[in-house]
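To start, the structure under review is shown below, and the notes come after it.
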Amino acid sequence: MSLLKMKLMVLIDRYKQITAVANALQIKQPTVSFHMKKMEEEWGVKLFEMRTGKVLLTRNGKLLLHYASQIDQLYSEAESRLGAIHAAEKNRFVIGCTTSTAAYLANSAAMGKLRTLSESHAAIMSIAVHDEEELYQKLHLGTVDFIMYGEGKQQADGGEFRNQTIGASPLRVIIPQQHPLYAWSGEISLGSQLEKYEFAELADSSVAQRIHEWSRKHQYSLTSHMSFGSVELLINTAAACGDLAILPECLLPQAAKLDELGLKLAALDSEAARWPMIASWRSQHWDQAFMQQVLDSISL
């Protein structure tokens, strides 16, 4: 029994005219008569009867109408809800982030700019957080429109994907007030100050790689004893436990928040220690102008 036949039952009870039912369904009158006959054959009972030019439901027809009405109502409700979702999805722009780049959005003016942009274009801006490999998979499948991550193994520019550097942020040492280096002023020298202390690190390979390159340049090594999957957790733990940490400045909360947590920042002794942030999107995205506006909104 098809949904069309359920709808037909409802309309016959409503209009009681084959012509009116055919017009409502936008089909021909013989097609309505055909389905009426097939329904009676399928159910093995009389469902319709003709009286003075009208089509009426028999007792069995009214019994079937009870269920047909519920099926038709549920189908209409599902159609309406899915239609609304489809309409919203057409105006949805999904930005995929690593945990680090998500922290950048949360702690910068970029999120406010994205909100203004979404309002001006009547678009729904959605932020999804995944690791870099999964972000590229979703970008390839089209389930995200735009991805942000630390410099890593991005796809070649000019083919299926476009890449652009959003900016590069200097690395900063986070020092909690209970740490011996809290009273230090000026730049931090790796050899004389940092190497003898243990660090808490962010579980982001792009950040770790930049720290490694910087420390290798000085021919020293840092010792990490804990790793954290989010910037917020790392910062809160550093404040609570007195651990040092090194993070890109753009991932950090505002100065007032750091002061509240009892943390201060110190510059490293080389401005070459910078963490680049990259954006990628599909070359064939339908709205390249909007993509450029997104880039402008999130750039450092």
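Does Met36 qualify as being open to solvent by less than 30 Å² (accessible area, probe 1.4 Å) and touching a residue at least 60 places away in the same chain (Cβ under 8 Å)? Criteria not met by Met36. Which of the residues belonging to the range 116-130 are part of a helix (DSSP H, G or I) and either of a type in the set (D, E, K, R) or open to solvent by 30 Å² or more (accessible area, probe 1.4 Å) (or both)? Passing the criteria: Thr116, Glu119, Ser120.
Which one is modelled with the lowest pLDDT, of the residues in the range 132-151 that are in a loop (DSSP other than H, G, I, E, B) and loosely packed, with under 15 Cβ neighbours inside 10 Å?
If we take residues in the range 132-151 being in a loop (DSSP other than H, G, I, E, B) and loosely packed, with under 15 Cβ neighbours inside 10 Å, then Gly142 is modelled with the lowest pLDDT.
Candidates are the residues of the range 256-273 that are crowded, with 18+ Cβ neighbours inside 10 Å and in a strand (DSSP E or B); the one that is modelled with the lowest pLDDT is Leu268.
The one condition from (1) more than 30 Å from Asp145 (Cβ to Cβ); (2) in contact with a strand residue (DSSP E or B) (Cβ under 6 Å, 6 or more places away or on another chain); (3) among the charged types (D, E, K, R) that Glu249 does not meet is (1). Among residues of the range 41-58 that are among the hydroxyl-bearing types (Ser, Thr, Tyr), those with a beta-carbon under 6 Å from a residue that is open to solvent by 90 Å² or more (accessible area, probe 1.4 Å) at least six positions away or on a different chain give the pairs Thr58/Lys46.
Restricting attention to the range 21-33, the residues that are without any contact (Cβ under 8 Å) to a residue 12 or more places away in the chain and either of a type in the set (Lys, Arg) or buried (at least 16 other Cβ atoms within 10 Å of the Cβ) (or both) total 2.
Listed here are the residues, each with its yes/no results for (1) at pLDDT below 90; (2) open to solvent by less than 80 Å² (accessible area, probe 1.4 Å).
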residue	(1), (2)
Thr52	yes, no
Lys62	no, no
Gln70	no, no
Ser100	no, yes
Met111	no, yes
Leu114	no, yes
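Pairs are defined by a Cβ separation below 6 Å, a sequence spacing of at least 6 or placement on different chains, a first member in the range 251-262 that is more than 18 Å from Gly167 (Cβ to Cβ), and a second member that is part of a loop (DSSP other than H, G, I, E, B) and open to solvent by 40 Å² or more (accessible area, probe 1.4 Å); the pairs so defined are Gly262/Gln177.
Applying the criterion of being open to solvent by 50 Å² or more (accessible area, probe 1.4 Å) and within 49 Å of the chain's Cα centre (by Cα) to the residues of the range 3-20, the residue that is farthest from Asp72 (Cα to Cα) is Tyr15.
Scan the range 89-96 and give yes if some residue there is in contact (Cβ under 8 Å) with a residue 60 or more places away in the chain, in contact with a Lys or Arg (Cβ under 7 Å, 6 or more places away or on another chain) and either in a helix (DSSP H, G or I) or under 30 Å from Leu251 (Cα atoms) (or both), otherwise no. No: the range 89-96 contains no residue that is in contact (Cβ under 8 Å) with a residue 60 or more places away in the chain, in contact with a Lys or Arg (Cβ under 7 Å, 6 or more places away or on another chain) and either in a helix (DSSP H, G or I) or under 30 Å from Leu251 (Cα atoms) (or both). The sole residue among Leu265, Leu244, Leu300 that is touching a residue at least 60 places away in the same chain (Cβ under 8 Å), among the aliphatic types (A, V, I, L, M) and touching a Lys or Arg at 6+ places or on another chain (Cβ under 6 Å) is Leu265.
The values are calculated or read from the model by the stated rules, or taken from the named source; none is laboratory data. No experiment lies behind these values; they were computed from the predicted model shown. Here the Cβ is made from the backbone with ideal geometry for all residues, glycine too, and neighbour counts use every protein chain on show. All accessible areas refer to the heavy atoms of the entire protein, side chains included, with ligands and DNA or RNA removed. Shrake-Rupley method; radii C 1.70, N 1.55, O 1.52, S 1.80 Å.
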